[in-house]
Amino acid sequence: MDTALSSLVQSAAGNGATTNSNSRYYGAAVETTTLADGTPVKYLVRRIVPQATIYTSIQNYVVVDGDRIDNLAAKFLGDPTLWWMICDANGATDPDELVAQAGRTILLPMAAGIPAGARNV
């Protein structure tokens, strides 16, 4: 594989996921698979969504029209890139679905420290 492409995968396509401590992929291993034609392909190992109970919830929040998960993360967790913690704390795999219905109550996790088990490391 081309060195530049390999470097891009290592850095999680430029977003720093494997090195940014706020990322759900922080510390994730980069593996290589080989296609039938012999081409090596690098990829990040799969992240298993943890049990929602590993998060300490600080409050409930009632979704209003127009809410976006990244904006909620910025407002309540202090960082929009921590949207995935809100999803995990609510057992959600689709961030848009989590805030799609006004009136739905969701849990907001404590942002101080990412709990053990939130990542596959």
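The values are calculated or read from the model by the stated rules, or taken from the named source; none is laboratory data. None of these values were measured; they are calculated from a predicted model. FYI the Cβ positions are ideal-geometry reconstructions off the backbone, even for glycines, and counts take in every protein chain you see.
Annotations
- Selection status of Ala29, modelled with pLDDT of 90 or more, over 22 Å from Val99 (Cα atoms) and not polar (S, T, N, Q): no
- Any hit, the range 75-93, residues being closer than 17 Å to Arg47 by Cβ, exposed (fewer than 13 other Cβ atoms within 10 Å of the Cβ) and within 14 Å of the chain's Cα centre (by Cα): yes
- Restricting the range 33-50 to residues that are assigned to a strand (DSSP E or B) and without any contact (Cβ under 8 Å) to a residue 24 or more places away in the chain, the residue that is farthest from Thr93 (Cα to Cα): Thr34
- Per the listing Gly38, Gly14, the residue uniquely on the phi > 0 side of the Ramachandran plot and either at pLDDT below 95 or surrounded by 15 or more Cβ atoms within 10 Å (Cβ to Cβ) (or both) is Gly14.
- Hits in the range 41-53 - residues which are out of contact with any Phe, Trp or Tyr (no Cβ under 9 Å at 6 or more places or on another chain) and either surrounded by 15 or more Cβ atoms within 10 Å (Cβ to Cβ) or modelled with pLDDT of 95 or more (or both): Lys42, Pro50, Ala52
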